[in-house]
Amino acid sequence: MHTGALDELCAQMQREIPGFSVGFKDQSWHQRALGTLLWPLNRSYVNGYVTVLGRTAWWPNEQRFRNDPKVLGTLLHERVHLWDWRDNPLWFPASYVLFGPVVWTKRAHWERRGYVIDLVLQQRQGTPVECQKKWMKQVFCGSDYGWMWPNPSAIEAWVDQVRERGLATELDGALLASTQAWVDRIAPPRA
Ligand SMILES: [Zn+2]
């Protein structure tokens, strides 16, 4: 269904991030090893999460990449991480590996820039605000990402803001414009 659009988005990302590729965790010994290491924190690293490392977006497996109806939205989220990594080659990976209050905050900053896309797409598809708040509190306050933003009321306020201001809550410039064009194509605004 979305194969044409998926190939088009991948080609666009290859132009933006030379060397960009999609990898599959189930076929990679080091991704499986990382999954074992992260098991106490995140039990779905290998099977449940897409992860950006350098210029590669790691998907759980090829089946999921080809058949997930939400793949375009997920790829747009990962695209923000790829841009941020490219533009902040030291700070971006450091804030994912190191721990400390300042770094936690920075990491939540990167993830807000990705999740703003998921939220705008969901909103256009009719997801109620309460569901979105519950999901975002799981993401930002839970262990999967190492409790990166443990502030439930700030998260709720942020979701409200995203529903009002859209992608511009977090993104700007060329990244905002191109992401907006893709979002409008995936989930056209309601009349
Ligand atoms: Zn992310």
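The values are calculated or read from the model by the stated rules, or taken from the named source; none is laboratory data. Remember, predicted model here, so these are calculated numbers, not experimental data. Note that we place each Cβ from the backbone using ideal geometry, even for glycine, and neighbour counts take in every protein chain shown.
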Residues that are under 26 Å from residue 188 (Cα atoms) and in contact with a strand residue (DSSP E or B) (Cβ under 6 Å, 6 or more places away or on another chain): list the helices (runs of 4 or more DSSP H) wholly contained in region 1-91 that include at least 2 such residues.
71-87
Looking only at region 111-128, filter to residues that are among the hydrophobic types (A, V, I, L, M, F, W, C) and within 11 Å of the ligand (Cβ to nearest atom); which one of those is surrounded by the most Cβ atoms within 10 Å (Cβ to Cβ)?
117
Considering each residue of region 150-159, count those that are assigned to a helix (DSSP H, G or I) and surrounded by fewer than 17 Cβ atoms within 10 Å (Cβ to Cβ), and give that number.
4
Only unsatisfied item for residue 145, checking (1) hydroxyl-bearing (Ser, Thr, Tyr); (2) within 27 Å of residue 12 (Cα to Cα); (3) in contact (Cβ under 8 Å) with a residue 24 or more places away in the chain, is (2)
Is it the case that region 171-189 has a residue that's modelled with pLDDT under 95, within 30 Å of residue 36 (Cα to Cα) and more than 17 Å from the chain's Cα centre (by Cα)?
no
Based on what the data block shows, is residue 63 more than 15 Å from the ligand (Cβ to nearest atom), closer than 18 Å to residue 170 by Cα and either crowded, with 21+ Cβ neighbours inside 10 Å or polar (S, T, N, Q) (or both)?
no
Taking residue 142 and the conditions (1) surrounded by 20 or more Cβ atoms within 10 Å (Cβ to Cβ); (2) within 19 Å of residue 49 (Cβ to Cβ); (3) not basic (Lys, Arg), which numbered condition does it fall short on, given that it satisfies the others?
(1)
For residue 162, state whether it is within 16 Å of the ligand (Cβ to nearest atom), surrounded by 21 or more Cβ atoms within 10 Å (Cβ to Cβ), aliphatic (A, V, I, L, M) and in contact (Cβ under 8 Å) with a residue 24 or more places away in the chain.
yes
Which residue out of 55, 86, 43 is surrounded by 12 or more Cβ atoms within 10 Å (Cβ to Cβ), under 25 Å from residue 146 (Cβ atoms) and away from the ligand (no atom under 16 Å from the Cβ)?
43
